Amino acid sequence: MVLLALLPWWLGLILLLGATAGAVWYARRSASLSEACRQGLKWGLPGCLFALQRALGGDLLAWGAALLGALVGFSLVALLESLLFHRVRRQAKAKATPEWRDMAMAPIGPAAHIIELQAVAWDEAGGEFADPRGGMVRYEAQASGTGRYVFADGSVVDRLSPRHAFSPSGRWFVASLPEGRGDVLCDRDRGRWHRPRGWQLCGWENGEWPWLARHEDDLPVALHEVLGE
């Protein structure tokens, strides 16, 4: 401010225009240099106006012109800072948005999980056979070529073929429908029977959860997906 007050007003005006250009130029490149140019502009403007009124003779008219110049000059400085701040904030927001390459390579959804199925130990019923949870299960053949399973707790399910299996934990009992129409599954913990027609049991996940498929070469699907749950 003192330097511009001692220099001719036109030379100070050139320096102020240079500070303005520097503030705009460094706004995208260096925050510290841009801030230095803005501070120089704000502090140098009063010195340049003092040099202007001195060049005009220092009378009342000269001081009026200096005050008018101060009003216009500081208004322009405020407008410049507002525009620069808006531009810097918009650039920071744009930089916060990831590039399209980063978004394209970013993982989507949960990480992959490998499912290993345990093979089903099928058996053919003939009379009575052991229940993994204790007791015996009786298969009673019928004239239609199917039969019914009678469990130790008194529950009965009929119109099934002798082909059956238990899950490794004993929670599930599975029996096949005649003519390859699919398998019937019983969740013994919940006492629920599921008859997804056309679906065949493929294996057990963790020895507990059944996975099924339409055909042997199809991709297995978990039971809850087959039931739409």
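Read-outs throughout are calculated quantities, based only on the coordinates presented, and are distinct from any laboratory measurement. Worth saying up front: this structure is predicted, and the values here are computed from it rather than measured. Every residue, glycine as well, gets a Cβ built from its backbone with ideal geometry; the counts of neighbours run over all protein chains shown.
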Exercise. Mind checking whether some residue in the stretch 39-47 is free of Cβ contacts under 8 Å to residues at least 40 places away in the same chain and touching a Ser or Thr at 6+ places or on another chain (Cβ under 7 Å)?
Worked result: yes
Problem set entry | Candidates Gly191, Gly203, filtered to the one that is in contact (Cβ under 8 Å) with a residue 60 or more places away in the chain and not β-branched (Val, Ile, Thr) | Gly203
Seminar exercise, completed: The correct count of residues that are of a type outside the set (Gly, Ala, Ser) and surrounded by 10 or more Cβ atoms within 10 Å (Cβ to Cβ) in the stretch 106-122 is 5
